[in-house]
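In what follows, a structure is listed as structure tokens, so that the remarks can point back to it.
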């Protein structure tokens, strides 16, 4: 419960404090947010969580901000203009910005600020994940397939630029450009993906991150702006995927494949939410990749069982995705997987080998794991074991390793039974 509250309110407090102090004081802002959480942990441990925890956190953050300004007046660590305005009515200004609508606008403003062209596209994503969702270096590195040192350098450059560019706050909040829209959607997609399959958490799934991604995406979908239809398509995709969470792990915290999942445990309410947002999104006159991904997810959610999945339509939709996103190896890999349920498996293996060589992702365990699954389904247990073992060497996440070890054991068991 506490972790959920902190995750939900971190971005809100950062956004509000940024409106007051400016992003040139980002380190101070993040320190205030962190201090607020530490105060909450100490206070709530003895008194319990208050009736309005969000209000409590914001009030403590306000008091810590006021104290920071008072200290700055003695040390002159802030700009003269900020100190002059802050000393007059900072408390009144803070209370005004803390209305629900202003908080939403502050977060949306911060999303758009981080997507300004002064940053490269990758750095836009990095700084937003760090500021608004509290991503650390390992999560960002996993989300963007980067080395930890590269992420650290990018964060340092972004923070230095924010100090130099105080004018970045002067943006039109609700009118992101088409390029900014794509970056915003990708950021939110990555936040959800990190919750869907976490980098560091032992449980494998971080529901709070997924709910945070949904909440931020709803900031876009609530406004009739350039992001409206795409944001609703992304929400549909998120809810369809969220609906399967209760069935994705065993009690022993081991992954279950889509074919192994108990579909009676899927959350029908979330599936209905997915169709609600999908219906809104498809009123758009322009096809977006998120529309296609959401429709694919809806087909999985409505199939009575795995065998009755409409693989023919799913393959077609992935082919259309490849037209829209011709440089995405993961879209092509997913199309190959879907196609493997319709045609001879050997063709899929050849195509995966070609994709693996040309994508530059030879160290991704997904290719070997996919080949292993195809070999296993076609009865070639020896090749399946070899491919699973290679995937095991390339995997880092504990739950992925447990999944692969289970698959290897199953193949060996089948081989021994067959030889007997």
The stretch 190-250: C-alpha gyration tensor shape, a/c 1.5 cut-off, then a/b vs b/c: prolate
Folded to 0 to 90 degrees: helix 207-221 orientation relative to the chain principal axis, Cα: 70
Quick one: compute the contact order of the stretch 329-420, relative version, from alpha carbon pairs under 8 angstrom and 6+ residues apart, as a percent. 22
Peptides 206-213, 356-363 ordered by average Cβ neighbours within 10 Å, highest first: 206-213, 356-363
Just to confirm the number: angle between the C-alpha axis of helix 148-164 and the first principal axis of the chain, 0 to 90 degrees, nearest 10? 30
At a threshold of 8 angstrom on Cα-Cα distance, excluding pairs fewer than six apart, so keeping six or more, what relative contact order does the chain reach in percent? 11
Determine the shape class of the stretch 289-379: with a ≥ b ≥ c the square roots of the Cα gyration tensor eigenvalues, call it rounded for a/c under 1.5, and otherwise prolate if a/b is greater than b/c, oblate otherwise. oblate
Helix axis angle, 268-281 relative to the chain longest principal axis, alpha carbon, degrees: 70
Given the -39500 (n - 2.57) contribution per DSSP H run of 4+ residues, what per-residue ellipticity at 222 nm results for the chain, rounded to the nearest 500 deg cm²/dmol? -23500 deg cm²/dmol
Most mobile of 96, 13, 238 in a GNM of the chain (Cα contacts under 10 Å): 96
Extent of the chain along each principal axis, from alpha carbon coordinates, in Å, largest to smallest? 84, 50, 40
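Students often check this: by mean Cβ neighbours within 10 Å, which of 125-132, 343-350 ranks highest, and how do the rest follow?
Final packing ranking: 125-132, 343-350.
Quote the relative contact order of the stretch 101-196 in percent (integer), defining contacts as alpha-carbon pairs under 8 Å separated by 6+ residues.
Relative contact order, the stretch 101-196: 40 percent.
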For a protection proxy built on the mean count of beta-carbon atoms within 10 angstrom, sort 246-258, 187-199 highest first, please. 187-199, 246-258
What residue among 22, 136, 48 has the largest mean-square fluctuation in a Gaussian network model of the chain, using Cα springs under 10 Å? 48
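Computed from the coordinates by the stated procedures, all read-outs in this text should not be read as laboratory data. Because the structure is predicted, anything quoted here is derived from the model rather than measured. In this analysis, Cβ positions are derived from the backbone assuming ideal geometry, glycine residues included, and neighbour counts consider all displayed protein chains.
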